[in-house]
1. Give, as residue ranges, the strands (runs of 3 or more DSSP E) completely inside the stretch 64-140 that count at least 2 residues that are under 24 Å from G273 (Cα atoms).
2. Of all residues in the stretch 161-176, which are open to solvent by less than 50 Å² (accessible area, probe 1.4 Å) and in a helix (DSSP H, G or I)?
3. Count, please, the residues in the stretch 282-319 that happen to be of a type in the set (F, W, Y) and either outside any helix (DSSP H, G or I) or under 18 Å from I32 (Cα atoms) (or both).
4. Determine, yes or no, whether T118 is within 30 Å of the chain's Cα centre (by Cα) and surrounded by 13 or more Cβ atoms within 10 Å (Cβ to Cβ).
5. For the stretch 193-241: of the residues being at pLDDT below 90 and hydroxyl-bearing (S, T, Y), which is nearest to N44 (Cα to Cα)?
6. Could you check, for the stretch 257-271, whether at least one of its residues is in contact with a Phe, Trp or Tyr (Cβ under 9 Å, 6 or more places away or on another chain), in a helix (DSSP H, G or I), touching a residue at least 24 places away in the same chain (Cβ under 8 Å) and open to solvent by 40 Å² or more (accessible area, probe 1.4 Å)?
7. So, N61, is that one outside any strand (DSSP E or B), among the polar types (S, T, N, Q) and open to solvent by 40 Å² or more (accessible area, probe 1.4 Å) or not?
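The values are calculated or read from the model by the stated rules, or taken from the named source; none is laboratory data. The model shown is predicted, which means the values in this text are computed figures rather than measured ones. Note that each Cβ is placed from the backbone with ideal geometry, even for glycine, and that neighbours are counted across all protein chains shown. Surface accessibility is based on the protein's heavy atoms, side chains included, excluding ligands, DNA and RNA. Shrake-Rupley method; radii C 1.70, N 1.55, O 1.52, S 1.80 Å.
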Amino acid sequence: MEKKPSIVQKFYSDEFKIARKGKWYAIAPAVIILVGLIIVLVINFNLGLDFTGGRIITIRNLDNTNWNQYRNDVTAILNDSDVNRFTITRIGEGDIVDLSIEFQHVRGFSDEQMNELTTELLATLNTQFPGANVVNDGETSARASGEHLLRTFMAVMAALIGILIYMLFRFKFSSGVSALVGLFHDILVMLALTAIFRIQINAAYIAALITVIAYSLNNTLILFDRVRSIEKHNNNLLTIEEVVDKSIKETFVRTMNTTITTLVPIFVLVIFGVPLIREFAIPILFGLIAGTFSTIFVTTSLYVRFEKSKLAARKRKRQQANIKTSA
């Protein structure tokens, strides 16, 4: 009885086509982005103090064994106040830990009202935790947060423009545009998943975003470098789809090795990491998966479309030239 080929053998066979099915690869990212967009329009992102402004109160010297009870007590106190958006984080893993409370500016409250609210919370928390040290660890103004957000946006846009310029010099125009669209895909999917799972956007999130862009670009460069090499020695023997399919298959192991060796420690941090580390790891997890998908499917499909459009345009020009010559 003839043995059926394995999944790996099917993937590397000439019958397995990747580049021709570009429109199907857009379905899953489109659904994720659409759901994320709806959530953003309805309830917005879960923005941290880095972008909204707010206050930080720290309760120090707490018994780690009663952490869950402390968190419930603090949550009840905050729910009874005017605070409606807050984050409670445990700092430390030993017998004695600290509890950090970050709460955002209450909409419509003046600075004086926020000061009064903070004073009331400090008094209530001191009463609730008499053996602890409750301190006000400062604030972040909404104006400074808005400037921070604008600078962050400008930095990301500058990075993307720089990447496009680099790709245009390194490869063809169609490669550069395809790579840039792939990066936008990664960012949009990452933001959509962030909105869906209510991951907080803060300074650590921006660092994760830049990290994802770098990893995605690295994989894309490896793939297009292989595409360029095959095209250089092709001599019109392979179609553009066949060139791209061959490039994907020849770089697949390297792409997956790069991704998996990064995903494994990131996944461990997501499962076992402290909250502050987890806020950095989860967005990277989202972004790496989106980046690997876009490198193999999104950018290559776009590249094939661009190249086929260029070939069709050249064919039309030749036909028009032949018609003029005949006339």
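1. Here the list reads 86-91, 96-104.
2. G162, I163, L164, M167, S174, S175, G176
3. Taking the stretch 282-319 and keeping what is of a type in the set (F, W, Y), we get 286, 293, 297, 303, 306.
Checking which are either outside any helix (DSSP H, G or I) or under 18 Å from I32 (Cα atoms) (or both) leaves us with 286, 293, 297.
Matching residues across the stretch 282-319 total 3.
4. So T118 does not fit the description; no.
5. Y205
6. No, that holds for no residue.
7. In short, no.
So that you can scan it fast, the table gives a plain yes or no per residue for (1) under 25 Å from L34 (Cα atoms); (2) among the polar types (S, T, N, Q); (3) open to solvent by 30 Å² or more (accessible area, probe 1.4 Å); (4) in contact with a His (Cβ under 7 Å, 6 or more places away or on another chain):
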site	(1), (2), (3), (4)
F197	yes, no, yes, no
Q200	yes, yes, no, no
Y205	yes, no, no, no
N219	no, yes, no, no
V227	no, no, no, no
K232	no, no, yes, no
N235	no, yes, yes, no
